[in-house]
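All remarks here apply to the structure that follows.
The values are calculated or read from the model by the stated rules, or taken from the named source; none is laboratory data. Since this is a predicted model, take the numbers as computed values, not measurements. We place every Cβ from the backbone using ideal geometry, glycine too, and count neighbours over all the protein chains shown.
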Amino acid sequence: MDVSVNYLAVFLAAASTMVVGSVWYAKGVFGNSWAKLAKVDLSKSPSTGQLVWLMGSTFVASLITAYILAHVAFLSNTFFQNAFWQDALTTGFWLWLGFTATRFYVHDAFEGRRKKLFLMNAAHELVTILIMAVVIGLMGY
């Protein structure tokens with residue numbers, strides 16, 4: 001079986017993660033609470049080189065996530081044969097629950113991080129993955 005992936009959808013889904021992160025962690029939304037819980041000093045700005053590395057590597061990681069999501073959504077749709085957007089969204093949720101939320105929990109529990117920080121970060125990842133799934137699902141393969 002050949003797996004079809006819409007590379008434009010993958011790119012746009014990856015780009016959406018940058019928008020979601022920028023809004024989610026903005027100072028007026030969850031940024032200040034997150035910084036306090038994660039012990040991040042927002043008054044310290046990264047150098048231009050650090051910022052380029054952070055944004056570039058984050059986008060590459062998002063491209064990988066979007067590609068895997070599109071790939072697995074195609075397989076799910078081949079099996080379930082619902083509307084592609086529906087199978088993409090369902091797949092995104094189950095991948096988030098099985099691989100993201102649970103792994104965040106394990107790391108945060110052993111690192112002694114606050115539950116509120118876990119919930120904030122896990123919810124961010126859920127919103128991020130679901131928006132990626134909507135982009136992928138609506139654009140098809």
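Applying the criterion of being of a type in the set (A, V, I, L, M, F, W, C) and in a helix (DSSP H, G or I) to the residues of region 1-14, the residue that is surrounded by the fewest Cβ atoms within 10 Å (Cβ to Cβ) is Leu8.
Would you confirm, using the coordinates I've provided, whether Ser62 is modelled with pLDDT of 95 or more and of a type in the set (Gly, Ala, Ser)? Taking the combined requirement at face value, the residue satisfies it.
Can you say whether Ala123 is among the small types (Gly, Ala, Ser), surrounded by fewer than 19 Cβ atoms within 10 Å (Cβ to Cβ) and in a helix (DSSP H, G or I), as far as the supplied structure shows? Yes: the conditions hold for Ala123. Taking region 5-28 as the range and being within 15 Å of Ala133 (Cα to Cα) and either of a type in the set (Gly, Ala, Ser) or modelled with pLDDT under 95 (or both) as the test, the residues that pass are Ala9, Ala13, Ala14, Ala15, Ser16. Considering region 41-75, the residues that are polar (S, T, N, Q) and more than 19 Å from the chain's Cα centre (by Cα) include one that is nearest to Asp2 (Cα to Cα), namely Gln50. Where helices (runs of 4 or more DSSP H) sit wholly within region 15-103, those with at least 2 residues that are within 26 Å of Tyr141 (Cα to Cα) and not acidic (Asp, Glu) occupy 48-80, 84-95.
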